[in-house]
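The values are calculated or read from the model by the stated rules, or taken from the named source; none is laboratory data. Keep in mind that what you see is a predicted model, and the values were worked out from it rather than measured. Using ideal geometry, Cβ is built from the backbone for each residue, glycine included, and neighbour counts are taken over all protein chains shown. The area values use the complete protein model at the heavy-atom level, side chains included, leaving out ligands, DNA and RNA. Shrake-Rupley method; radii C 1.70, N 1.55, O 1.52, S 1.80 Å.
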Amino acid sequence: MPGIEAYEGTSVFYSVRKMDNFRDKRLLIVGGGDSALDWTLNLQPIARRVTLMHRRDQFRAAPDSVNKMHALVAEGKIDLKLGQVTSLAGEAGQLTLATLQARQGRPLHHRVRRHAAVLRAHDEARPGRRLGITLEDELIPVETASFETNIPGIFAIGDINTYPGKLKLILCGFHEGALMAQKAYHYVYPDKRLVFQYTTSSTSLQKKLGVR
């Protein structure tokens, strides 16, 4: 999004570290996954007004969260817009205008008066763009032998990556992390052989963990 850097940390945020920071603010939450829906549901009771924007009417979040969000929309407690934010405008890091490109029709101007913030739940991969990492629909494609990106030595595991058959489960994240660590070890110690050990049989690991 052009010019977004000028508002990062003051009006544009990529995470919610302290919910009370968003109390009584007008929030535009961009995304359609679990983070976006969680923010929407948790911040709605304390925010002045919440608008959720997603590029399509299908969401990747848990079905229960999606149902609760639609119920709030039906009750008039939050707004739902389909499209994308194309530009931001304001002064001294404070937003005054967000331009929204609806899925159909002309661009919409979402005017911001005071106490506003944009939460971009799907820009976790943004720093990767600066490094030249390939992105695919705001996610990072990886090969599944080591979960390495298109740049050797840079890896992506968890919800931020994508590959055929991807499942966003914690168990899968552990699997990805284990394979990534094997490949990363050889980058860090190219001349050392990796000795694979198990906590059930390795006395040295048991001693380190204090389970002997």
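Got a sec? Which of 90, 32, 132 is modelled with pLDDT under 85 and under 25 Å from residue 158 (Cα atoms)?
Answer to the selection: 132.
Could you tell me how many of the residues in the range 77-95 are in a loop (DSSP other than H, G, I, E, B) and over 15 Å from residue 27 (Cα atoms)? Residues meeting the conditions: 2.
Scanning the range 146-167 for residues that are surrounded by 14 or more Cβ atoms within 10 Å (Cβ to Cβ) and either among the hydrophobic types (A, V, I, L, M, F, W, C) or in contact (Cβ under 8 Å) with a residue 24 or more places away in the chain (or both) turns up 146, 147, 148, 154, 155, 156, 157, 159, 160, 162.
Scanning the range 53-77 for residues that are modelled with pLDDT under 90 and under 15 Å from residue 42 (Cβ atoms) yields 61, 62. Taken together, the residues in the range 136-145 that are in contact with a helix residue (DSSP H, G or I) (Cβ under 9 Å, 6 or more places away or on another chain) and buried (at least 16 other Cβ atoms within 10 Å of the Cβ) amount to 4. Scanning the range 182-212 for residues that are open to solvent by 50 Å² or more (accessible area, probe 1.4 Å) and part of a helix (DSSP H, G or I) yields 182, 183, 185, 186, 187, 188, 203, 204, 207, 208, 209.
When the residues of the range 1-18 are filtered to those that are hydrophobic (A, V, I, L, M, F, W, C) and not in a loop (DSSP other than H, G, I, E, B), which remaining residue is nearest to residue 160 (Cα to Cα)? Looking at residues that are hydrophobic (A, V, I, L, M, F, W, C) and not in a loop (DSSP other than H, G, I, E, B), I get 13.
Restricting attention to the range 19-67, which residues are polar (S, T, N, Q) and either assigned to a helix (DSSP H, G or I) or open to solvent by 20 Å² or more (accessible area, probe 1.4 Å) (or both)? Within the range 19-67, 21, 35, 40, 42, 44, 58, 65, 67 meet the criteria.
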